[in-house]
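Note sheet for the following structure.
The numbers here are math on the coordinates, done by the rules we state, and not lab data. Note that the structure is a prediction, hence the values are computed from the model and not measured. Neighbour counts are summed over all protein chains in view; Cβ atoms, including those assigned to glycine, are modelled from backbone coordinates with ideal geometry.
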Amino acid sequence: MSKIIDISNLYPARPNGLPSLNRARLHPADRELSLVPFEPTIDRVDLSDEGIRLSRATSEQDARIARRAQIVADIAAGTYITPDKIDVTVDRLLDILA
């Protein structure tokens with residue numbers, strides 16, 4: 001069985017429970033930064049105009065696919081062509097021919 005090495009003295013606990021930084025091992029430029037208090041930040045994402053456009057295009061495409069599926073189902077069920085649709089179509093055709 002291997003021996004377990006105690007490393008608790010390398011990283012003594014700070015009052016908040018986080019290990020303290022061993023500043024002696026840090027690069028001089030990093031030592032100065034380690035003295036700055038840590039402030040948590042909120043993650044943020046900025047979408048480009050192209051990303052927003054592509055996102056909208058995908059949702060619009062999904063809507064078109066769903067609408068097409070509904071029309072195909074209505075045609076198959078014999079409920080797509082209604083008297084109201086026939087009336088509108090005839091009125092438009094008469095307007096064009098007049």
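Could you rank the peptides 66-78, 41-53 by their average count of other C-beta atoms within 10 Å per residue, with the highest value first?
66-78, 41-53
Modelled label positions at LYS3 and THR79, each set 7 Å beyond Cα in the direction of Cβ, lie 8.1 nm from each other.
To the nearest 20 debye, what charge dipole does segment 49-97 have about its Cα centre, counting +1 at the Cβ of each Lys and Arg and -1 at the Cβ of each Asp and Glu?
Values: 7 positive and 9 negative charges, 35 e Å.
Dipole magnitude for segment 49-97 comes out near 160 debye.
Kindly provide log₁₀ I(q)/I(0) values, in the same order as q = 0.27, 0.28, 0.32 Å⁻¹, from the Debye equation applied to equal alpha-carbon scatterers of segment 49-97. Values returned for q = 0.27, 0.28, 0.32 Å⁻¹ are -0.91, -0.93, -1.01.
Once the Cα-Cα distance is subtracted from the 0.36 nm per residue extended length, the VAL45 to ILE71 segment shows a gain of 5.5 nm. Counting only residues 5 or more places away or on other chains, whose amide H sits under 5 Å from the amide H of TYR80 once H atoms are built in the peptide plane? Result for TYR80 returns ILE75.
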